[in-house]
Amino acid sequence: MVNFIWLFFILVGFIVAVLQGRVDDVTKALFTGAETGVTVCFGLISILVFWLGIMRIAEDAGLLQKIAKLLGPIVRFLFPDVPKNHPALGYIMSNMSANLLGLGNAATPMGIKAMQELQKLNPDKDAASPAMCTLLAMNTSSITLIPTTLIAIRLKFESSNPAEIVGTTLIATMIATCAAMLIDRWYRHRYYKSRPIPPLPKTPPPPNRSAPTSTT
C-alpha cells in the first residue's frame with residue numbers, strides 16, 4: 001500500500017511539472033535529492049557504527065540484560081497471552097532495550113525475531129494476533145531516551161546543539177507510547193469481549209534425562 005502511495009505522489013508531481021513546464025526543476029530535484037541522500041548515509045555510518053559498538057559493549061557488560069529484567073514485569077503485563085519463558089519475550093525485551101537507547105537499526109532484527117516467534121503462537125496464520133499488534137504499536141511508538149539517529153542527522157547538517165532534542169523527544173515518545181498502549185488495550189478488550197480468551201499454549205516439558213534407558 002505504501003508503494004502505491006509513493007507512486008501516486010511521484011506521478012502527480014511529474015504530471016504537474018509537465019503541465020507547468022518545469023520538468024527541468026524536477027530533474028534537478030531528483031539528482032540533488034539522490035546526492036543528498038547518499039551524502040547523509042555516508043555521514044551517518046560513522047555515528048551508527050560508534051553507537052552500535054557502544055550497544056555491543058553494553059550487551060557484553062550485561063547492561064541490556066539488566067534493562068531487560070527491569071522491563072520483564074511490563075512485558076508480561078503487555079503480553080499476557082504469551083507463555084512465560086517463551087523465546088518471544090526475550091526478543092521483545094531486547095527490542096525494547098535497543099529502542100530505549102535510540103538504536104532502531106539494532107532493534108529491528110530483534111523485532112523481526114519476536115514477530116516470528118509470535119507467529120508460531122498465532123492460531124490464525126492469515127491475521128495478526130493481539131500480541132503481534134501490541135508489539136507493532138509498542139515498537140513504532142517506543143520511548144526513546146537517546147535519539148541517536150536524529151542526533152547523527154543534526155550533526156551531519158552542522159547543528160549548533162544537536163543533542164537539544166533529547167528532552168522533547170523523550171516527552172513526545174512517552175506521550176506516543178502511552179497513547180498507543182491505551183488504544184491497544186481498548187482494542188484488546190473489544191477483541192476478547194467478542195470471543196472467549198484462548199488458553200495459553202503449553203511449552204513442552206524438557207526430556208527426563210535421568211530416566212533409565214532399556215537395553216536389549
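The values are calculated or read from the model by the stated rules, or taken from the named source; none is laboratory data. Predicted model, so just to flag it, every value in this text is computed and none were measured. Glycine gets a Cβ as well: all are built from the backbone with ideal geometry, and neighbour counts include every protein chain shown. All accessible areas refer to the heavy atoms of the entire protein, side chains included, with ligands and DNA or RNA removed. Shrake-Rupley method; radii C 1.70, N 1.55, O 1.52, S 1.80 Å.
Details
- Selection from the stretch 139-154 of residues that are part of a helix (DSSP H, G or I) and surrounded by fewer than 20 Cβ atoms within 10 Å (Cβ to Cβ): Thr140, Thr149, Leu150, Ile153, Arg154
- Cβ pairs under 6 Å, 6+ apart, first in the stretch 75-95 and among the charged types (D, E, K, R), second crowded, with 21+ Cβ neighbours inside 10 Å: Asp81/Ala131
- Within the stretch 159-194, the residues that satisfy the criterion of being closer than 19 Å to Leu145 by Cβ, at pLDDT 85 or above and surrounded by 13 or more Cβ atoms within 10 Å (Cβ to Cβ) are Ile165, Val166, Thr169, Leu170, Ala172, Thr173, Met174, Ala176, Thr177, Ala180, Met181.
- In the stretch 13-30, the count of residues that are under 27 Å from Leu155 (Cβ atoms), in contact with a Lys or Arg (Cβ under 9 Å, 6 or more places away or on another chain) and either in a helix (DSSP H, G or I) or modelled with pLDDT of 75 or more (or both) is zero.
- Taking the criterion of being of a type in the set (Val, Ile, Thr) and in contact with a Phe, Trp or Tyr (Cβ under 7 Å, 6 or more places away or on another chain), the only residue of the stretch 93-138 that qualifies is Thr134.
- Within the stretch 79-98, being in a helix (DSSP H, G or I) and open to solvent by 20 Å² or more (accessible area, probe 1.4 Å) holds for Pro87, Gly90, Tyr91, Met93, Ser94, Met96.
- Condition met for Leu136 (surrounded by fewer than 20 Cβ atoms within 10 Å (Cβ to Cβ), modelled with pLDDT of 85 or more and part of a helix (DSSP H, G or I)): yes
- Within the stretch 106-133, if we keep just the residues that are outside any helix (DSSP H, G or I) and aliphatic (A, V, I, L, M), the residue that is surrounded by the fewest Cβ atoms within 10 Å (Cβ to Cβ) turns out to be Ala127.
- Matching option when the condition is farther than 25 Å from Val40 by Cα, at pLDDT 80 or above, of a type outside the set (S, T, N, Q) and in a helix (DSSP H, G or I), among Ile74, Ile67: Ile74
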